[in-house]
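Bear in mind that the values in this text are calculations on the coordinates, not laboratory data. From a predicted model like this one, the values you see are computed outputs, not experimental measurements. Cβ coordinates were reconstructed from backbone atoms using ideal geometry, including for glycine residues, and neighbour counts include every protein chain displayed.
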Amino acid sequence: MAAKIRKLIVQVDETHLEMGQVVSPPTRRALAIAVIENPYAGTFSQNLDALIQIGEELGALLGNKCVQALGIKPEQAQSYGKAAIVGEAGELEHAAAILHPKLGAPLRQAVQQGAALVPSSKKRGGPGCAIDVPLGHKDAAFVRSHFDAIEARVTDAPGAKEIVVAVAVTDSGRPLPRIGGLQASEIEGKDGLR
């Protein structure tokens with residue numbers, strides 16, 4: 001089943017100055033959001049295959065839109081994350097069906113590699129509800145400089161029978177990171193942790 005998309009939103013957040021310090025080059029985070037119809041709204045279904053397939057479709061679509069918005073090559077992406085808000089006629093498992101079984105593989109293709117788990121969050125809410133999309137380094141979960149989040153919000157979504165699906169990709173970590181730990185330059189990228 002193809003996603004029935006009502007709306008797509010793409011935005012880029014750039015930080016040039018932090019606590020009076022110049023951030024050069026600026027840190028950049030892209031967010032791509034799809035507002036989709038929930039095919040299981042208002043009903044219980046043991047089988048959620050339609051949402052699993054939609055997740056695969058959206059992983060590619062939203063991941064590629066983020067990379068394009070940043071104007072980078074896929075291998076230049078550094079962090080990623082995903083999130084979903086289910087409208088009131090849906091359930092949290094609908095968000096899980098989109099986010100977990102198949103969204104990750106096409107997202108990893110969009111950012112080239114991606115050995116680390118894709119951080120995620122999910123919730124139920126109504127129009128204008130916000131969700132933080134957690135971020136972590138795509139190849140090594142222990143890189144502290146890339147622990148971050150970006151807020152996703154659509155003023156008129158999700159409707160009761162909709163789901164808001166968000167993917168975020170960055171070309172850098174936080175502005176001016178200085179709390180130590182594994183550095184991006186030290187990543188081995190083999191186990192998704194270091």
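Taking each DSSP H run with n ≥ 4 as -39500 (n - 2.57) and averaging over every residue of the chain yields -6000 deg cm²/dmol at 222 nm.
Structural descriptor for the stretch 5-186: relative contact order 29 percent, calculated from alpha carbon pairs under 8 angstrom and at least 6 residues apart.
FRET efficiency for the pair Asp49 and Thr15, taken as 1/(1 + (r/R0)^6) with r the Cβ-Cβ distance and R0 = 25 Å, rounds to 0.05.
A Förster radius of 41 Å, combined with the Cβ-Cβ distance separating Leu117 from Glu88, puts the computed FRET efficiency at roughly 0.90.
Quick one: grab the alpha carbon gyration tensor of the stretch 119-194, order the square roots of its eigenvalues as a ≥ b ≥ c, and give me rounded if a/c is under 1.5, else prolate or oblate depending on whether a/b is larger than b/c. Prolate is the answer for the stretch 119-194, as a/c is 1.5 or above and a/b outweighs b/c.
Between the stretch 165-187 and the stretch 140-160, the C-alpha centres lie 14 angstrom from each other.
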